[in-house]
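Right, one structure below, let's go through it.
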Amino acid sequence: MTTLPPKAQSTRPGIAKSILITIPMLLLTALVIMGSVLGGSGDPDGLLVASALLTWSGINVLFFLMVWTQKTWRWRAILFVVFALSMILVFSVAITSTRGSTTLTQEDVYNGETPFCHLVIPMILLPAALTNTIIFPGSMLEGFAAISFMLVLWIGASLVLGRAFCAWGCFYGGLDEGCSCIAKKPLIKKVDRKWTYLPWAILLIIVLSSAITLSPTYCEWLCPFKAVTEAAEVTSVITLIQTIIFLVIFAALVIILPILTKKRTQCSLFCPFGAFQSLTNKITIFDVRIDTEKCVGCNRCIETCPTYSLDENCLKTGHTLLSCTRCGKCVDQCPKQAIHFHVKGTAPHKRPNLARSLFLYPAFLFLATFGGGTIASAIYYILKLITTGSMF
Amino acid sequence: MQKVKAFLGYFIAFLGVPIVLATFMGNQFFSEALVKATGLEVSPWIIGGELQETLPREGYRTLIYAPVFMGLIGETNEGFIQIAWSPAANLPENISEEFDVNKDGKMDFKVTLNTREKTGTLDAYSADVISMEGPFNYKTKDTLKTESLAVRVTIKRALKP
């Protein structure tokens, strides 16, 4: 049995200081959440106001806890999972109210009425560069999740967060993260590291096949989240096979394997967007560093990293792997406090609290803004269902 | 040098919050700017090519879209031409129209529609006309977004005008 080293002294701030640090986030989130939820309606109804207030308070309680307890992962994960579940509900309601059902018909495709999601981005870049067109059946500027809206969001997120988008912005990631938190201990402890190259192989295949066929092949054949968003109407053997593939991949990678391994298996062993987004870790100013002098080699960080972004070599070099999502789990779990958020260009491990705050502010604000509107809408639909008997 | 790098690092890190705020609050502006600057549009393979010709009929119009042969590089050997009848609410029960895609004076195919039952048939007059998909409900891509009934006829590149 491995004996863990004794815990290092933590520098936990007092309640007053934590509240002070939380106040700017209270104001920023009030601006963006209240603005997005209540801004469009001239005379907002009581349920909408209640949903927005509930969301805003809940989000800020989580941020306060993040500051006060000096723990990142747990509080982020709660918000992240709620965001993912809310997204499924809001998406289903929005699509059903505009199209009558969540199934995608050929007519919806020809009319460009499909909401755009970030997973498509790697597939559209090459055709966009060569033909100046987007190979996705959405709308450039209009409607729910327009193409340009999501592209701008992705550019902003990539500049600031890099692959931290996968832990602080992706509205699907919370599903396998949620499942990875269900079991107390992993039943499958060892997964061959070679599997972490699979997302890169899938990325290469879908980029090439989409460019050749000028259609988003990942969405048509492999996306596990079609199982919970919108899948093509089953009208032929091909659409039946596609639907079975979506369901099997979703069940295996988003539910079963995360429960068995306690890892985000879909994100780390399958998602081609995740692999692609790893490249943006080269752009962002934030990273995570390991203090090789403090590290005692207990390997706890390697065992707990949800995305296989740490290995023995990282403990020697002091750097995480390119796939790091800066979810904060290793930082929280390290018994020697040898792992820190870091601002590139600055001396590592010198002012870890400042680096953490500088990262947490934009990252949490992104999650709160992107997720806040969705969570508030989900609460609104639930309250509406309770009070009127219908979500629509 | 280390101090300059550290200063720059912290400065860029401080920009994180304004960038996130701008991303969300300025999204409409940046989205429109992105589309305007790049000229990006949805692929004609999906939304059906540009409107090329409008033929006025009694109470409705026949809309003929540009044939689509766009490939990643160059053109594909097979493409399609989309034809729509608009507005759908004003269409007669039966429509039968012939089309000359390559404008050589000879008709290339005839489309016969039953607009109530939403069924249609294709009569190909040329070996370069392959098949037909539809009719399906289609919203015109102009500002009116009129509900129409459309078909897509698969054709060979030899028919391109």
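Looking across A:81, A:67, A:61, one residue alone is in a helix (DSSP H, G or I), away from chain B (no Cβ under 14 Å), farther than 30 Å from residue B:40 by Cβ and open to solvent by 50 Å² or more (accessible area, probe 1.4 Å). It is A:61.
Against the definition (away from every other protein chain (no Cβ under 11 Å), open to solvent by less than 70 Å² (accessible area, probe 1.4 Å) and charged (D, E, K, R)), how does residue B:78 come out, yes or no? Steps first, answer last, please.
Numbers: away from every other protein chain (no Cβ under 11 Å): yes; open to solvent by less than 70 Å² (accessible area, probe 1.4 Å): no; charged (D, E, K, R): yes.
Here the answer is no, as residue B:78 does not meet what is asked.
Residue A:143 falls short on exactly one of the conditions (1) surrounded by fewer than 16 Cβ atoms within 10 Å (Cβ to Cβ); (2) at pLDDT below 95, and that condition is (1).
Listed conditions (1) open to solvent by 50 Å² or more (accessible area, probe 1.4 Å); (2) within 14 Å of chain A (Cβ to nearest Cβ) are all met by residue B:146, apart from (1). Residues in region A:91-114 that are crowded, with 21+ Cβ neighbours inside 10 Å and more than 12 Å from chain B (Cβ to nearest Cβ): A:91, A:95, A:104.
Here's a check for you: in region A:343-356, which residue that is free of Cβ contacts under 8 Å to residues at least 12 places away in the same chain and not charged (D, E, K, R) is nearest to the other protein chains (Cβ to nearest Cβ)?
Among residues in region A:343-356 that are free of Cβ contacts under 8 Å to residues at least 12 places away in the same chain and not charged (D, E, K, R), the one nearest to the other protein chains (Cβ to nearest Cβ) is A:346.
Within region A:207-233, residues that are within 14 Å of chain B (Cβ to nearest Cβ) and open to solvent by less than 40 Å² (accessible area, probe 1.4 Å) have Cβ atoms under 6 Å from residues that are at pLDDT below 90 and part of a loop (DSSP other than H, G, I, E, B) in no pair, counting only partners at least 6 apart in sequence or on another chain. As a summary of the residue check, residue A:280 satisfies the conditions (1) among the hydroxyl-bearing types (Ser, Thr, Tyr); (2) closer than 21 Å to residue B:15 by Cα; (3) in contact with a Phe, Trp or Tyr (Cβ under 7 Å, 6 or more places away or on another chain) except for the one numbered (3).
Within region A:357-380, residues that are within 7 Å of chain B (Cβ to nearest Cβ) and closer than 9 Å to residue B:20 by Cβ sit with their Cβ atoms under 6 Å from residues that are assigned to a helix (DSSP H, G or I) and aliphatic (A, V, I, L, M), at 6+ positions apart or across chains, in these pairs: A:361/B:17; A:362/A:160; A:362/B:17; A:362/B:20; A:365/A:28; A:365/B:20; A:366/B:20; A:369/A:32.
The values are calculated or read from the model by the stated rules, or taken from the named source; none is laboratory data. Keep in mind the model is a prediction, meaning the values are calculated, not measured. Virtual Cβ from ideal backbone geometry, glycine too; neighbours counted across all protein chains shown. Keep in mind that these areas ignore ligands, DNA and RNA; they rest on the heavy atoms of the full protein, side chains included. Shrake-Rupley method; radii C 1.70, N 1.55, O 1.52, S 1.80 Å.
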